[in-house]
Amino acid sequence: MDKKRVILSVDTSTPVISLALLVADRQSNNTAVMTKKWQVESSVAEELLLNIDLFLDKSNVLKDEITALVVVAGPGRYAALRVGIATVQGIGLGLGIPIAPISRLLADSWDVLERKRSADMVTVIHDAGSTGIVWESFKRSGDGSISSLNLPQINAHSDIAQIIPEEAVLTGDLTDSVNESFSGERLSEGRFFCEDGDTVRALSALQCAESDRSAYLAAGLVDAIYVRPPHITKPTGA
């Protein structure tokens, strides 16, 4: 058994990238958690690996000390998700360590239910543009665990307000399209828990993974969670 458990978590599902690092020393029984997030300025491909290296260096952790990885696997932007997952897989395969792919919807529900203790149910919504709204509801059980109440659903923007549970706190993408899908009265009552400066999705994903360690898989088994399979055009002549 490793004397120290070091877990790096990565989220590239939105333009605000986040990292989280947990360092648990079994001998001293001390645990430290560090986080970092930033708005992408050029591209995820250019910025992610550099920022991971800087983050680890500032945290006084060597890359080969990492014992497990977590990645937010989607849904989200196709290219950014692929870069994030490929980067994490590269580290995982190189070090021979497991990876926990965590749904963005689950991570967002965890953030709300952990921080908004008065809430017992949350519905996370993801605006997938012309595809519709992806949503999933989660509930906190008596023992504090968080479980999904339904498989992720996709519905038209015009239908979503009538379909999702009325008693649930809402969180996720508060886009103009989503706002128009609900009555102004419903959202103005504090039903929508917006992402703020304290939101670090990579940390929420890490906490999800640690609450259920069966989430960790061999690095080669990790893949992105898409709303629909991406359409990739083959190069001419291929």
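The values are calculated or read from the model by the stated rules, or taken from the named source; none is laboratory data. As the structure is a computational prediction, the values presented were derived from the model and not from experiment. All Cβ positions, glycine included, derive from the backbone under ideal geometry; neighbour counts span all protein chains shown.
A single entry from Ser158, Ser145, Ser141 fulfils the requirement of being out of contact with any strand residue (DSSP E or B) (no Cβ under 8 Å at 6 or more places or on another chain), more than 17 Å from Ser103 (Cα to Cα) and among the hydroxyl-bearing types (Ser, Thr, Tyr): Ser158.
Mind listing whichever residues of region 177-186 are loosely packed, with under 14 Cβ neighbours inside 10 Å and assigned to a loop (DSSP other than H, G, I, E, B)? Of everything in region 177-186, just one residue is loosely packed, with under 14 Cβ neighbours inside 10 Å and assigned to a loop (DSSP other than H, G, I, E, B), namely Ser183.
Condition (residue is aliphatic (A, V, I, L, M), within 14 Å of the chain's Cα centre (by Cα) and over 30 Å from Asp25 (Cα atoms)) applied to region 90-99: is it met by at least one residue? Among the residues of region 90-99, not one is aliphatic (A, V, I, L, M), within 14 Å of the chain's Cα centre (by Cα) and over 30 Å from Asp25 (Cα atoms), which makes the answer no. Annotation note: Cβ proximity below 7 Å between a residue of region 15-31 that is under 15 Å from Leu62 (Cα atoms) and a residue that is of a type in the set (Lys, Arg) and modelled with pLDDT of 90 or more (sequence gap 6+ or interchain) occurs for Ala24/Arg5. The numbered conditions (1) exposed (fewer than 14 other Cβ atoms within 10 Å of the Cβ); (2) within 23 Å of Lys37 (Cα to Cα); (3) modelled with pLDDT of 75 or more are all true for Glu210 except (1).
Of the residues Asp143, Asp111, which single one is of a type outside the set (A, V, I, L, M, F, W, C) and touching a Ser or Thr at 6+ places or on another chain (Cβ under 9 Å)? Talk me through it step by step, then tell me what you get.
Numbers: Asp143 fails: touching a Ser or Thr at 6+ places or on another chain (Cβ under 9 Å).
Selected residue: Asp111, the only one of Asp143, Asp111 that is of a type outside the set (A, V, I, L, M, F, W, C) and touching a Ser or Thr at 6+ places or on another chain (Cβ under 9 Å).
Residues in region 1-41 that are of a type outside the set (Val, Ile, Thr), in contact with a Ser or Thr (Cβ under 6 Å, 6 or more places away or on another chain) and under 18 Å from Leu203 (Cβ atoms): Arg5, Asp11, Ala20, Leu21, Ala24, Met34, Lys37. Of all residues in region 94-108, none satisfies being closer than 24 Å to Ala161 by Cα, of a type outside the set (Val, Ile, Thr) and free of Cβ contacts under 8 Å to residues at least 24 places away in the same chain.
Apart from one condition, Leu174 fits all of (1) in a loop (DSSP other than H, G, I, E, B); (2) surrounded by fewer than 15 Cβ atoms within 10 Å (Cβ to Cβ); the exception is (2).
Does region 44-64 contain at least one residue that is touching a residue at least 40 places away in the same chain (Cβ under 8 Å) and of a type in the set (Ser, Thr, Tyr)? Spell out the reasoning first.
Let us first name the residues in region 44-64 that are touching a residue at least 40 places away in the same chain (Cβ under 8 Å), namely 44, 52, 56, 61.
Okay, now just the ones that are also of a type in the set (Ser, Thr, Tyr), so none.
No, region 44-64 contains no residue that is touching a residue at least 40 places away in the same chain (Cβ under 8 Å) and of a type in the set (Ser, Thr, Tyr).
Filtering region 59-82 down to residues that are in a helix (DSSP H, G or I) and aliphatic (A, V, I, L, M), which residue is farthest from Val200 (Cα to Cα)?
Among them, the one singled out is Ala79.
Note on region 120-144: residues that are touching a residue at least 60 places away in the same chain (Cβ under 8 Å) and outside any strand (DSSP E or B) amount to 2. For region 55-82, the tally of residues that are under 14 Å from Thr14 (Cβ atoms), modelled with pLDDT of 95 or more and either surrounded by fewer than 20 Cβ atoms within 10 Å (Cβ to Cβ) or among the polar types (S, T, N, Q) (or both) stands at 0.
Do we find a residue being under 30 Å from Thr67 (Cβ atoms) and at pLDDT below 90 anywhere in region 120-129?
Let us first name the residues in region 120-129 that are under 30 Å from Thr67 (Cβ atoms), namely 124.
Next, from what is left, pick out any that are at pLDDT below 90: none.
Within region 120-129, none of the residues are under 30 Å from Thr67 (Cβ atoms) and at pLDDT below 90.
From Ile52, Ile85, grab the single residue that is assigned to a helix (DSSP H, G or I), among the β-branched types (Val, Ile, Thr) and surrounded by 22 or more Cβ atoms within 10 Å (Cβ to Cβ). None of the others qualify; the one that does is Ile85. Across region 145-163, the qualifying residues are those that are outside any strand (DSSP E or B) and within 20 Å of the chain's Cα centre (by Cα), and the one among them that is surrounded by the most Cβ atoms within 10 Å (Cβ to Cβ) is Pro152.
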